[in-house]
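The values are calculated or read from the model by the stated rules, or taken from the named source; none is laboratory data. Source: prediction; values computed, not measured. Please note: Cβ atoms are built from the backbone with ideal geometry, for glycine as well, and neighbour counts cover all protein chains shown. Please note that ligands, DNA and RNA were not included when accessible areas were found on the heavy atoms of the full protein model with its side chains. Shrake-Rupley method; radii C 1.70, N 1.55, O 1.52, S 1.80 Å.
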Amino acid sequence: MSHLSSTDKPKMRELLAVAIISASVLGLQVALMRTLSISRWHHFAYLVVGLALLGFGASGTWLGLFSYRLLPRFLPWCRGLTLGLAISATLSFRLAEILPLNIQYVLFSGEQLFYLLCYQALIFLPFLFAGVLIGLALIRFASSVHLVYGANLLGSGAGPVMALGLMMWLPPARIIQAAGLLIWASVFLWRGRAEDKYLWRQVAIPLLVGLLLVLDLTALSMPMRIDPHKMLAELQRWEQQDDAKHLLTRHSPRGRLDVFSSPRLHYTLFAGLTATTLPPAQALLLVDGNTAGPIFHINDQAEAAILDHTPMSVSYRILPGAKVLLLGETSGVNIWLAKRYGASQITVVMENPQILDLFRGPLAGLGGQSLKGSDLKIQVASPRHYLEYSQERFDIIQVVSAESMAAGVSSLLSLHENYLFTVEGLARCLKRLTPIGLLTITRGLQSPPRDNIKILATLVEAMEKVGIPKPSDYIAQLRNHLAVCTLAARQPFQPLQFQALVRISDKLWLDIDTLAGFDPNSRKPFNQLLGPPGSKASFFQLAANKIFSAEREAFIKDWAYNVRPATDDRPYFFDFFRWRSLPKFMESYGNLWFQRLELGYVILVISLVQIVAAAVLLLLLPLFIWTRQRTTPFSGALIYFLLIGLGFLALEMSLMQRLTLLMGDPLLAAAAVLSGFLFFSGCGSLCSQRWARSPLKAIAVSGLAIALLAPLVLFLSQSLLGLVAAWNTAGRFFFALSLLAPLAFLMGWPFPAGMSLLEGSSPALLAWAWGINGFASVAAAPLTVLLAMSLGFRLVFALAITAYLLAVVFGLRVWRAGIH
């Protein structure tokens, strides 16, 4: 069909189709991540969706090999690919959920490994369709690539916001179906000529597919195979046996909430052996299928007597009638604890407003009494964000968000950033204490120990940061057979407090591992723990002695797990993985060594290895064979597209983490950065030819401007944190967008400028450039997090800027010299 030419400009409806498809695919990605986080685990979702996105990279191979066949029938192929994408968006997930995959046994069963590969292949399929479709449009309109790429970015920016908005009303699995239907609607924008004798096919076949998709959305539910090891699966089994009742389910972008009641629930976290009363009747609150906390079905604090036997009660026994701050409270249990000891004022910081709505609405009769009272103030904010803007001081600050079993039990937290458990975050806690105040952090035991050792090390550095010269005089650690309670005071423990701590530990059967002036060996332990060979001391005593001494650095380096304090630059408190300890685990635990690892870090490594291996097989190897068979050699220009792909995603993810601290909400930060970056980059792409008519000039100007603007954005986000944190949500959101806009606008220039130059010098490489850029973008996600966990986000930021500068060098060298 000779009427087709790469110099043609895309029609507005074709650009709209690209935007709709891009928005739907990004919405599909968000919905898949949320759905798999509920049905499986967050790290499984990361692994599956991370590899699936490589479909954009693999699409470059498909187009590189077959675009010459696709372009002559551009519109029919676009319609066919759009329908294939719409169908595969829902069908692939349905087929994947049928597979009897149990992720816990993947490393021990060839059959389960096969199921995992099939699962990933199915989720991979719609992203391959999307990559081929958008890449085909970029090649077809190569002379107007800035328009197509701009439409792609604008749509991609709208997609996550649309998906998150829909999650207020729809379960994420339904959004997968809705994404398929929206993709289907765009098929009518790929219209052929009115005189086409096969015009009826352009209408009849899409209408039939649309009917099937509508029936799928309205009449069929999406399957969700809940991992049998999740508490949600356990409670569903109880419900089938009439041992539990499912009270409600609520969905939001922050997670799925479930509440079950059951006479079999006796959940009181860390209650010691001295407890003589039974836990009250209760329900259990779940977030994404995992336990968030019990909801006591009581009307008065007198019915919560069992809480007196938890390590969390120690600070309240020392300071009765205190002014209390509860950071990260979810189910109301710790409010009852504070009330039992006559707290004069209780400030509750809850991160999820949906939980608060439940307690004030459907759960008001069940556990809502805990949130009532003139002595109670409730703040909806992240704990760290509240500490940034509040100037109020408290007698007791209880870090409720720490109160769960240790990281090693689930191994799922190491990928999560946490700005409260950093040196800077705990320093903020210490500054918000009154002169007599206590900071209390309770966390479950684990073997070998790591969480509580890292808490102690982080507290010591936080105290040094606020000017406390000898932290050992200000810190105490006590434990029962389930948990360690770490207390940090604003002033050295006084004799009366010392005596009170010893007396309370005797009463609650708590062992004291560290307390200035107390010898842990002076009495027989209540809860015997393993310690260093030949020593009566526990590992916690050993750790405290080393951390309080000049041997702290050597101890941190030599410990089997990574217990180096987290910082705002490396906010991964739950990252305990250490490569050099791997042989020891394999030797000590045999076939169970994998269960002793922090799986989050391992998943990152596996994800990166899978992506690189898949890229070699699906992209680089075919490219090598293709170039050997043709006169077109491998071009240094392709390295240019690799560098801008790596730089774009690394900058985006680094700024997302920095703005999480400023926004006070990871969800808002993700929405602002992801959508803002893509939207303004799309605007930059659309305007790039008007603002810089020479592509070489666009590459040079944008690259150098990005290198100058990016550090400025980072500096402003840090220096203005204290001021902006006190603004309302809308103010913080628009401030973040205004910070990002100039930088993102310029980041939309390098790709279309490079494609324009490549179209004039080596048009056969356009498809491969699209694929390599897609591969780099996908690989940058796990690579960025791995580097940030090891080296910090500042270095990642610097590497991203370096990638852009190197791209400028490669671009100018390749195209200015006129070589391929």
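Do we have residue 741 as under 25 Å from residue 788 (Cα atoms), surrounded by fewer than 19 Cβ atoms within 10 Å (Cβ to Cβ), in contact with a Leu (Cβ under 7 Å, 6 or more places away or on another chain) and modelled with pLDDT of 90 or more here?
Numbers: under 25 Å from residue 788 (Cα atoms): yes; surrounded by fewer than 19 Cβ atoms within 10 Å (Cβ to Cβ): yes; in contact with a Leu (Cβ under 7 Å, 6 or more places away or on another chain): no; modelled with pLDDT of 90 or more: yes.
In short, no.
Residue 265 passes every criterion in (1) on the phi < 0 side of the Ramachandran plot; (2) touching a Ser or Thr at 6+ places or on another chain (Cβ under 6 Å); (3) surrounded by 18 or more Cβ atoms within 10 Å (Cβ to Cβ) apart from (2).
Which ones in the stretch 69-92 are within 16 Å of residue 179 (Cα to Cα) and of a type in the set (A, V, I, L, M)? Residues satisfying the conditions are 81, 83, 85, 86, 87, 89, 91. Scanning the stretch 557-589 for residues that are over 27 Å from the mean Cα position of the chain (by Cα) and not small (Gly, Ala, Ser) gives 557, 558, 559, 583, 584, 585, 586, 587, 589. Can you tell me which residue is nearest to residue 56 (Cα to Cα) among those in the stretch 16-38 that are over 26 Å from the mean Cα position of the chain (by Cα) and surrounded by 24 or more Cβ atoms within 10 Å (Cβ to Cβ)? The residue in question is 18. Here residue 689 clears all of (1) part of a helix (DSSP H, G or I); (2) within 26 Å of residue 664 (Cα to Cα); (3) open to solvent by 40 Å² or more (accessible area, probe 1.4 Å); (4) in contact (Cβ under 8 Å) with a residue 60 or more places away in the chain except the condition numbered (2).
If you go through the stretch 85-105, how many residues are within 23 Å of residue 614 (Cβ to Cβ) and either crowded, with 20+ Cβ neighbours inside 10 Å or of a type in the set (Lys, Arg) (or both)? The number of residues fulfilling the criteria is 7.
Can you say whether residue 550 is at pLDDT below 95, open to solvent by less than 60 Å² (accessible area, probe 1.4 Å) and under 37 Å from the mean Cα position of the chain (by Cα), as far as the supplied structure shows? No; evaluated as a whole, the condition is false for this residue.
The residue that is most open to solvent (accessible area, probe 1.4 Å), counting only those in the stretch 779-810 that are closer than 22 Å to residue 57 by Cα, modelled with pLDDT under 90 and small (Gly, Ala, Ser), is 781. If you take the residues of the stretch 704-721 that are small (Gly, Ala, Ser) and surrounded by 11 or more Cβ atoms within 10 Å (Cβ to Cβ), which of them is farthest from residue 659 (Cα to Cα)? The selected residue is 705.
Against the list (1) open to solvent by less than 10 Å² (accessible area, probe 1.4 Å); (2) at pLDDT below 95; (3) more than 21 Å from residue 381 (Cα to Cα); (4) not basic (Lys, Arg), the condition residue 332 fails is (3). Looking across the stretch 68-82, the residues that are open to solvent by 20 Å² or more (accessible area, probe 1.4 Å) and touching a residue at least 12 places away in the same chain (Cβ under 8 Å) come down to 71, 72, 73, 75, 76, 77, 79. Taken over the stretch 464-476, the criterion of being closer than 20 Å to residue 542 by Cα and of a type outside the set (Lys, Arg) is satisfied by 471, 472, 473, 474, 475, 476.
Checking the conditions here, which among 343, 305 is of a type in the set (A, V, I, L, M), open to solvent by 10 Å² or more (accessible area, probe 1.4 Å) and part of a helix (DSSP H, G or I)?
Working: 343 fails: part of a helix (DSSP H, G or I).
Just a single option satisfies the conditions, and that option is 305.
If you go through the stretch 268-287 and keep only what is open to solvent by 20 Å² or more (accessible area, probe 1.4 Å) and in contact with a Gly (Cβ under 6 Å, 6 or more places away or on another chain), you end up with just 287. Exactly one residue out of 242, 227 is of a type outside the set (Phe, Trp, Tyr) and either open to solvent by less than 50 Å² (accessible area, probe 1.4 Å) or in contact (Cβ under 8 Å) with a residue 12 or more places away in the chain (or both), and it is 227. With respect to (1) modelled with pLDDT under 90; (2) outside any loop (DSSP other than H, G, I, E, B); (3) not hydrophobic (A, V, I, L, M, F, W, C), the lone exception for residue 557 is condition (1). If the condition is being open to solvent by 20 Å² or more (accessible area, probe 1.4 Å) and at pLDDT below 80, then the stretch 603-623 contributes only 606. When residue 486 is tested against (1) at pLDDT 95 or above; (2) assigned to a helix (DSSP H, G or I), exactly one condition is not met: (2).
Of all residues in the stretch 2-15, one or more are over 30 Å from residue 250 (Cα atoms), among the aliphatic types (A, V, I, L, M), crowded, with 21+ Cβ neighbours inside 10 Å and touching a residue at least 12 places away in the same chain (Cβ under 8 Å).
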